[in-house]
Structure formats: C-alpha cells, structure tokens
Amino acid sequence: GNGMNYSALLEAGLEDADILISVTGSDEQNLLCSLFAKKKSRCSTIARVRNPMYLTEVNFIREQIGLSMIINPELAAATDIARLVRFPSAIDINPFAKGKVELLTFKITEDSALNGKNLIYVRNKIESEVLFCAVERGGEYHIPSGNFELQAGDKASVIILPKKERAFFKKIGIDTRTIKDVMIAGGGTIAYYLARQLLNIGITVKIIERDEKRAHELSEKLPNALVIHGNASDKDLLLEEGLASTDAFVSLTGFDEENVLLSLYAKETTNAKVITKVDHNSFNKLISKLDLDTVIYPC
C-alpha cells in the first residue's frame, strides 16, 4: 500500500505500533506519514529527510511534527568525511558519547614507533591515554592482549579522547598535517553538505561537476567554493586544477567504478588524503584489497 494513505497505515496497525520508520524516497511523504502517526497514535517516529532545502529547518520540523529522530544519510556521510579531512592520519573515525571519545582506526607504517612493539611496551614507554580494542591483520580481526605485537600494515582501532589524538600520533611517528584545501570530484548532495562543513572551518574547496546546470547551482549555493564545470575523469583537467598539490581528494561521483579509479589515480599522482565513496557494498571485499586510504559507504 501507499504510506501516504491514512487508511493503509491504519490497516497496517498504526494505532498499536510502538515505532514508525518512514524511509521512502520522498521527504514529504516521510513527514506526512510521521504526522499521521502523531495524530493517531503514541508511537515514536523516525523520518528520513535528505533534501538540503530542509537543512536549516530540521529542528523546527522535528518539534512541529513530534519526530523522535530525523536521519539524513548524505549529511551523515559528509560529516564522516569532514571528520577524516580534519584528521587525515585516520582511516575511520566514529564518535561516541556525543563526541567525548572516538573510536579511531589507523594504519601502522614501517617507520611508526609501534611497529614491532607489543602493547605492554606501548603502555609503559609511550605515555598516552589510549585503549587498543581491535587490530585487523590480513583480513582477520584480533582483540589484542598486552603481549600482542603490532606490525606494519596492521589496521589498529583505538579508543581515545579527541584532544589527545594529535599528541598520540606525533609520539608514534604518524603524520598529523593540517589539511588546507580539498578537491571534490562530483557535485551531488554529499558534495554540497561536505563543502559547507569544510568552508565553515576555513578549508578551501574545489568541486568538479560535469553537469553544467548543477555546476551553476552549486556556485550559487556555495559562493566561497570554486566550482569547475568539467569531467572529473579527465586526468588532464585534474592535473590542471591542481590535483598534484591538493591536500585531500574526495571522489563523490554517482558511479562507484569511477570513484575507485579516480582515487587510485589520485593515490598515484599525489600524497593527498584520498577518500572514496562507494554506494554498493557488493564488492567491498575486493575494494578492501585496493590501495585506497578510506572508503565511505553511505547508508
């Protein structure tokens, strides 16, 4: 049935439901379903609202309709990417307790002070408030004990306070450079959300978008960003626009294959932090074997 049809919702058991989750392809339909739930039942409601048009009105909408939660996959993905741009040494960062602590994943390099050292040594010799909770090695995960010896190539996940991160990485010899400019391939919704966040913290943003109408739209909405109308898969254009000197490259086109190839080219051409968006996780095992910095899978 149609979720916008009040009778269909009642027939499905709206009056007795504990929770209603509205995740259709239409923001307006999701909000209408939630409004029906508020008027006819006491259930909690979650709605997916992804259009940037509603970005500044989220709190108002939540209060007026009585939503328990609004989810925006594109905004969440952009926030994850922005967090990685702010701390490029990490492969993945997940905040907990409203950002008071973070689960941070990074790759141990050959020249790292952790290479060949066990966790007892790390605790005694490298003074830092950090908890190693998991290590990925050769596709297998380990819950490390004190005698577990770290090796180059390991992907270590640690719990750490955000304010302690830079000091810890400096002690173990991993780069903690500050990113000043970002090049984004593709000008979709995630790119728009990401550019807004980066511009707000003073990072220079350049977006390459192949659709001329969308490029003009982005240039109007993001006056402080440089929007280039062109094909991001054109390597000459990428080099002309400064790929070799950019601090970070984010591939956000609508095609997974193009994003992967662009990121591999960027890895070969520059020392930039490279972040790749992949919408379909069917080939995530294969993609994990490629030499990519960070892969984002938007929900």
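Observations
- Residues LEU264, LEU14, LEU226, LEU286, ordered by accessible area of protein heavy atoms at a 1.4 angstrom probe radius and largest first, appear as LEU286, LEU226, LEU264, LEU14.
- Averaged over its residues, the range 1-44 has an accessible area of 63 Å² per residue, based on protein heavy atoms and a 1.4 Å probe.
- Coil-residue GluC sites (Glu not before Pro) of the range 59-111, DSSP, other Cβ within 10 Å capped at 10: GLU110
- Aspartates and glutamates with Cα under 16 Å of LYS98, excluding same-chain neighbours fewer than 8 positions away: ASP80
- Label point distance in nm, ILE126-ALA76, each placed 7 Å from Cα along Cα→Cβ: 3.1 nm
- In summary, the aspartates and glutamates within cross-link reach of LYS221, defined as a Cα separation below 16 angstrom excluding same-chain residues under 8 places away, comprise GLU209, ASP211, GLU212.
- Using the Cβ-Cβ distance between LYS235 and THR178 with R0 set to 35 Å, the FRET efficiency works out to roughly 0.80.
- Using C-alpha pairs under 8 Å with a sequence gap of at least 6, the mean separation divided by the residue count of the range 35-87 gives a relative contact order of 39 percent.
- With the alpha-carbon atoms of the range 215-299 aligned to their principal axes, the span from lowest to highest coordinate is 39, 28, 19 Å, starting with the largest.
- 1.4 Å probe accessible area per residue over the range 160-299, in Å²: 52 Å²
- Counted residue by residue at 0.36 nm each, then reduced by the alpha carbon distance between them, the extension gain from ASN147 to SER26 reaches 38.3 nm.
- The chain: most fluctuating residue of GLY13, GLY146, GLY202 per GNM, C-alpha cutoff 10 Å: GLY13
- Anisotropy class of the chain from Cα gyration tensor, a/c 1.5 cut: oblate
- DSSP assigns beta bridges within the chain; of those with both partners inside it, close to 45 percent run antiparallel.
- Surface composition of the range 16-96: carbon plus sulfur atoms contribute 53% of the solvent-accessible area (1.4 Å probe, protein chains only, all chains present).
- Percent RCO, i.e. relative contact order, over the range 51-129, from Cα pairs under 8 Å lying at least 6 residues apart: 13 percent
- Cα gyration tensor category, rounded, prolate or oblate, for the range 150-231 with a/c compared to 1.5: prolate
- Once both labels are positioned 7 Å from their Cα atoms along Cα-to-Cβ, the gap between LYS171 and ALA134 label points is 2.4 nm.
- Sequentially through the range 253-268, phi angles give Karplus couplings (6.51, -1.76, 1.60; θ = phi - 60°) of 6, x, 10, 4, 4, 5, 4, 5, 5, 4, 5, 5, 5, 5, 4, 7 Hz, Gly and Pro residues having no value and appearing as x.
- Potential lengthening of the chain between GLN64 and ASN2 amounts to 20.0 nm, from the contour at 0.36 nm per residue minus the alpha-carbon distance.
- For the range 64-70, 3J(HN,Hα) computed residue by residue from phi via the Karplus equation (6.51, -1.76, 1.60; θ = phi - 60°) reads 5, 8, x, 6, 6, 7, 10 Hz, glycine and proline entered as x.
- Backbone amide hydrogens, once placed in the peptide plane, bring VAL182 within less than 5 Å of THR204, VAL205, LYS206, excluding anything fewer than 5 places away on its chain.
- Environment charge at TYR297 (Cβ cut-off 12 Å; Lys +1, Arg +1, Asp -1, Glu -1): -3
- Euclidean distance between Cα centres, the range 1-43 to the range 209-260, Å: 39 Å
- Projecting the Cα atoms of VAL260, GLY202, TYR297 onto the dipole axis of the chain, where Lys and Arg carry +1 and Asp and Glu carry -1 at the beta carbon, places GLY202 farthest toward the positive end.
- Of the solvent-accessible surface of the range 128-196, computed with a 1.4 Å probe over protein heavy atoms with every protein chain present, carbon and sulfur atoms account for 50 percent.
- Look at the Cα gyration tensor of the range 3-140: its axes a ≥ b ≥ c give a/c of at least 1.5 with a/b over b/c, and that counts as prolate.
- nm² value of the averaged projected area, convex hull over the Cα atoms of the range 108-262: 10.9 nm²
- The long axis of helix 189-200 is offset from the longest Cα principal axis of the chain by roughly 60 degrees.
The values are calculated or read from the model by the stated rules, or taken from the named source; none is laboratory data. These numbers come from a predicted model, not from an experiment. Cβ coordinates were reconstructed from backbone atoms using ideal geometry, including for glycine residues, and neighbour counts include every protein chain displayed. Remember, those area values only see protein heavy atoms, side chains included, never the ligands or the DNA or RNA. Shrake-Rupley method; radii C 1.70, N 1.55, O 1.52, S 1.80 Å.
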